[in-house]
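Working notes for the structure below.
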Amino acid sequence: MSRESMEYDVVIIGGGPSGLSAAIKLKQLSSDLSVCLLEKGSEIGAHLLSGAVFETRALDELIPDWKDKNAPLETEAKNDEFLFLTQSSSFKLPNPPQMHNKGNYIISLGEFAKWLAVEAENLGVEIYPGFAASEILYHEDGTVKGVATGDMGIDKSGNKKASFEDGMELHAKQTIFAEGCRGSLTKELFEKFDLRKDCDPQTYGIGIKELWEIDPELHEEGLVKHTIGWPMDSQTYGGSWMYHLKGNLVSIGFVIGLDYKNPYLSPYDEMQRMKHHPVFAKYLAGGKRLSYGARALSEGGYQSIPKLTFKGGVLIGDTAGFLNVPKIKGNHTAMKSGMIAAESIFKHLSDNKGSEECVEYQDNIKNSWVYDELYKVRNIRPSFHKGLFLGIAYSALDTLFKGKLPWTFRNHADHDQLKSAKSSRQIEYPKPDGILSFDKMSSVYLSNTNHEEDQPAHLKLNNPELAISVNYKEYGSPETRYCPAGVYEIVKDFDNNPSLTINAQNCVHCKTCDIKDPNQNINWVTPEGSGGPNYSNM
């Protein structure tokens, strides 16, 4: 196949905080470097979703005069609350040191990324939203050569439509992969270069978020509220947030660790019933839900960080797993990893090393505050594998010793954790009332998700038979519950024989199915560029 190609010094895959920070830093170091950034969303920020309380440490280093440049950091965090919930009441807990938010800001991550993109373009970075990198290109010796964007205008049967356009090849001396959590190309890199051989499996959570406009009399600008406890049982890791932005807006969401064991658990429905708790209902009553979204996040931390370099490229941001779970923040560490990658690659190219492995990056990460920060909290998230109360007790002890206790707990793959359906308790969720809680389809509508329907499905089953012989018969089809967008559905024919229907057009690109499927039978790949959610102010 002959495709058009473009040559750059550096190509960056992903327009989130890490990728944009890498792009900006590269051009700050040398205006002569040619830098290109691809983003699969329809625009920068379209696929970004975070709580988000933002720590400015990396931004202060990258763009010290960000206030003068009108960065969209407008709501300063003022009050922290940490609550333990029972089904009908709540109890205040001491706020852990990692969750003190004085000096931080409540932001829309999408709006922040758009601002970063303008800064990058002003420096000369070429940014192409709506183009999904779907293939890694290699030199004959196996070195990464760059990426190719997906062909456009292919129908479900694989035939070219009248609108067909060939993908474009982008070649680079170094390719930076900043795909975010569970990147589809990054999975290939893990296998090809055996990048995970010396680390624990990555572990994940699913975060489900809504943006509400509430009664001005109930709004408390700058309030940061976190909860643990109900609606989770004591063996399931999870917690909520509520952040009050300016303009009577409230970000509310729920995170559940994907190491949960009950196949009947539905993260989406847990979040919906959570909103009926008095702690949240008192704010949301009479309000209006504006947006909805969901995404997975990497929770493994220090012990799950893979090898970050290979011939021709590096990994940065959440695709490598730099989230600080106890702090409930990862944007600052993602940005810093991108900045360190840029500095390392700049020196690497200045030394005329081209597509050789940029080993300096791994060393520079290990010598940075990112590594130090993640090492200190390495045992807090895995301590909850033994249950909520033991996790809380250990976390308090670990914090007292500032992470210096001499052991490191291990992480285990999330897809191995499900129990069988017959040995699990079924969960009956209340029907949504259309006031505080809502059905999945009305929520997907608010995510502005759109895919070209006549295209090959971007959700693929490696072995379709397993969907019934294992998932349905042994686990009660958990994919119909862990997906927060109604993508997976069991349909029965006239003889009551079940089959799995995949409604790929509903997909909000959270990647949960790719992570949690007990057989690792579901493979998420990029759809046509610009497909997926279009988050507004999320």
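The values are calculated or read from the model by the stated rules, or taken from the named source; none is laboratory data. Quick caveat: nothing in here was measured; it's all calculated off a predicted structure. Ideal geometry is used to build each Cβ from the backbone, glycine not excepted, and the neighbour counts take in all protein chains shown. With ligands, DNA and RNA removed, areas are computed over all heavy atoms of the protein, side chains included. Shrake-Rupley method; radii C 1.70, N 1.55, O 1.52, S 1.80 Å.
So TYR302 clears everything in (1) open to solvent by 30 Å² or more (accessible area, probe 1.4 Å); (2) of a type outside the set (Lys, Arg); (3) out of contact with any helix residue (DSSP H, G or I) (no Cβ under 6 Å at 6 or more places or on another chain) except one condition, right? Which one?
Unmet for TYR302, out of (1) open to solvent by 30 Å² or more (accessible area, probe 1.4 Å); (2) of a type outside the set (Lys, Arg); (3) out of contact with any helix residue (DSSP H, G or I) (no Cβ under 6 Å at 6 or more places or on another chain): (3).
All but one of (1) part of a strand (DSSP E or B); (2) under 23 Å from the mean Cα position of the chain (by Cα) hold for ASP80; which doesn't?
All conditions are met except number (2).
Considering only region 117-162, how many residues are among the β-branched types (Val, Ile, Thr), farther than 26 Å from LEU308 by Cα and either open to solvent by less than 70 Å² (accessible area, probe 1.4 Å) or in contact with a strand residue (DSSP E or B) (Cβ under 6 Å, 6 or more places away or on another chain) (or both)?
1
Listed here are the residues, each with its yes/no results for (1) at pLDDT 95 or above; (2) open to solvent by 50 Å² or more (accessible area, probe 1.4 Å); (3) closer than 20 Å to LYS516 by Cβ.
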{"site": "ILE380", "(1), (2), (3)": "yes, no, no"}
{"site": "LYS402", "(1), (2), (3)": "no, yes, no"}
{"site": "HIS412", "(1), (2), (3)": "yes, yes, yes"}
{"site": "GLN417", "(1), (2), (3)": "yes, no, yes"}
{"site": "SER424", "(1), (2), (3)": "yes, no, yes"}
{"site": "ILE435", "(1), (2), (3)": "yes, yes, no"}
{"site": "LEU459", "(1), (2), (3)": "yes, no, yes"}
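Can you tell me which residues in region 97-129 are at pLDDT below 95 and touching a Phe, Trp or Tyr at 6+ places or on another chain (Cβ under 7 Å)?
Within region 97-129, just MET99 meets the criteria.
If you check every pair at least six apart or on different chains, which have Cβ atoms under 6 Å apart with a residue in region 43-68 that is over 25 Å from LYS209 (Cβ atoms) first and a residue that is open to solvent by less than 10 Å² (accessible area, probe 1.4 Å) and small (Gly, Ala, Ser) second?
Cβ pairs passing all conditions: LEU62/SER21.
Can you tell me which residues in region 178-203 are among the basic types (Lys, Arg) and either surrounded by 21 or more Cβ atoms within 10 Å (Cβ to Cβ) or out of contact with any helix residue (DSSP H, G or I) (no Cβ under 6 Å at 6 or more places or on another chain) (or both)?
Listed by number, the residues that qualify are ARG182, LYS187, LYS192, LYS197.
Can you list the helices (runs of 4 or more DSSP H) found entirely within region 287-394 that contain at least 1 residues being within 30 Å of ASN534 (Cα to Cα) and touching a strand residue (DSSP E or B) at 6+ places or on another chain (Cβ under 8 Å)?
The qualifying helices (runs of 4 or more DSSP H) are 331-350.
Select from region 240-265 the residues that are within 22 Å of LEU290 (Cα to Cα) and in a strand (DSSP E or B) and list them in ascending order.
SER240, TRP241, MET242, TYR243, HIS244, LEU249, VAL250, SER251, ILE252, GLY253, PHE254, VAL255
Of these, GLU43, GLU55, GLU7, which one is open to solvent by 10 Å² or more (accessible area, probe 1.4 Å) and over 24 Å from GLY317 (Cβ atoms)?
When all the criteria are applied, what remains is GLU7.
Could you count how many residues in region 67-77 are within 25 Å of the chain's Cα centre (by Cα) and either in a loop (DSSP other than H, G, I, E, B) or not acidic (Asp, Glu) (or both)?
6
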